[in-house]
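Following: one structure in structure tokens, then a few remarks.
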Amino acid sequence: MFNCDCCGLCCRHISGIKMLEAFDDRTGTCIYLDRDNDLCTIYDSRPVICNIDAMYDIFFSRKMTREEFYAMNRESCMRLKREHES
Ligand code: SF4
Ligand code: SF4
């Protein structure tokens, strides 16, 4: 299982992600992010790109193991945290 701490950083930095273009509030934050608790307000119907297991099953399962895909995503989380949390 992917270990997400619900920091909301990925949902605050969606600029340049084609599949989330319509979700961008023009500041790079998703319109569906609840700014009070950093949770997704459409979690059960969120786009595939926001669902790590769905992304793995559909696009990456033939390229790497699920653990490798989780590790790759964890690295992206850590990069966001390094860049935006002090
Ligand atoms: S940046 Fe990573 S840890 Fe933070 S909410 Fe997104 S997926 Fe979860
Ligand atoms: S749809 Fe939900 S999970 Fe996806 S970027 Fe927006 S708030 Fe985050």
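Considering the range 51-64 alone, what residues qualify as being part of a loop (DSSP other than H, G, I, E, B) and surrounded by 10 or more Cβ atoms within 10 Å (Cβ to Cβ)?
Listed by number, the residues that qualify are Asn51, Ser61, Met64.
Hey, any hits in the range 10-28 for a residue that's surrounded by 13 or more Cβ atoms within 10 Å (Cβ to Cβ), without any contact (Cβ under 8 Å) to a residue 60 or more places away in the chain, in contact with a Phe, Trp or Tyr (Cβ under 9 Å, 6 or more places away or on another chain) and not in a helix (DSSP H, G or I)?
Yes: one or more hits.
Restricting to the range 29-50, name every residue that is out of contact with any Asp or Glu (no Cβ under 9 Å at 6 or more places or on another chain), within 11 Å of Cys11 (Cα to Cα) and in a loop (DSSP other than H, G, I, E, B).
Matches in the range 29-50: Thr29, Tyr32, Arg35, Asp38.
Coordinate-derived values only; no laboratory data. If you're wondering where the values come from, they're calculated on a predicted model, not measured in any experiment. Ideal geometry is used to build each Cβ from the backbone, glycine not excepted, and the neighbour counts take in all protein chains shown.
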